[in-house]
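Remarks on the structure that follows.
The values are calculated or read from the model by the stated rules, or taken from the named source; none is laboratory data. Since the model is a prediction, treat every value here as computed from it, not as a measurement. When the accessible area is computed, the model is the full protein with side chains, heavy atoms only, and any ligands, DNA or RNA have been set aside. Shrake-Rupley method; radii C 1.70, N 1.55, O 1.52, S 1.80 Å.
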Amino acid sequence: MKEIAASQAYRLLEPGPIVLVTTSYDGKPNVMTMGFHMMIQHAPPLIGCVIGPWDHSYQALSETGECVIAIPALDLAETVVDIGNCSGDSVDKFQRFGLTARPAKTVSAPLIAECLANIECIVADTTVVDTYNLFILAVKRIWIDETREETRTLHHRGDGSFTIDGGTLDLRDRMVKWRHLP
Ligand SMILES: Cc1cc2nc3c(=O)[nH]c(=O)nc-3n(C[C@H](O)[C@H](O)[C@H](O)COP(=O)(O)O)c2cc1C
């Protein structure tokens with residue numbers, strides 16, 4: 001994968017794809033599915049993620065302060081749903097779903113080779129975890145697989161059905177107020 005600037009995290013997340021969150025706790029990698037996320041700030045790049053205490057990943061993220069947000073494409077659709085319907089407390093999901101864990105550079109959580117992009121994050125703020133299960137993550141590195149043929153992302157409609165990424169509408173020449181963005 002080619003590395004791109006951490007400041008460009010919003011280019012990947014503003015469209016709101018369903019994502020996978022990896023963690024590593026006690027040397028064991030785990031992965032969960034997450035739809036509740038949002039960009040919070042451009043610089044330094046911050047992402048808000050809702051990860052509930054019912055998830056095994058909650059404890060891993062709370063204890064290690066590190067995770068990777070991996071962005072799957074349409075070819076992983078069924079796997080994405082299955083990952084969100086079983087828990088790392090009883091299943092080795094990397095093995096069960098045939099995912100390839102690759103070492104990240106800054107965090108202990110693994111990258112997922114089968115994903116379009118991987119965003120290395122550290123927990124930057126926990127002040128709203130108790131109230132909203134909302135972790136504020138700082139983006140440290142981003143890795144993009146530029147060789148993939150399938151690049152359509154999945155957008156969760158909240159009930160296990162998804163909108164599949166479609167065409168692109170290029171209105172960049174109208175973004176006159178925002179030319180300075182990276
Ligand atoms: C499509 C989909 C979206 C989900 N979104 C979230 C989410 O935003 N936050 C969350 O805490 N759990 C979410 N889940 C549930 C977790 O993925 C699920 O509880 C998972 O089993 C947690 O895995 P873990 O116990 O190994 O951490 C989602 C599940 C699915 C299928």
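Of note:
- Number of Lys-Lys pairs in the chain with C-alpha atoms under 27 Å apart and a separation of 8 or more places or on different chains: 11.
- Accessible area in square angstrom per residue, segment 1-148, 1.4 angstrom probe: 46
- Accessible-area order (highest first, 1.4 angstrom probe) of the listed residues M39, M1: M1, M39
- Whole-percent carbon and sulfur share, accessible surface of segment 2-178, 1.4 Å: 50
- Normalised convex hull volume, the chain, alpha-carbon set, Å³ per residue: 126
- Three-way shape call for segment 96-182 based on the alpha-carbon gyration tensor, with the a/c threshold at 1.5: rounded
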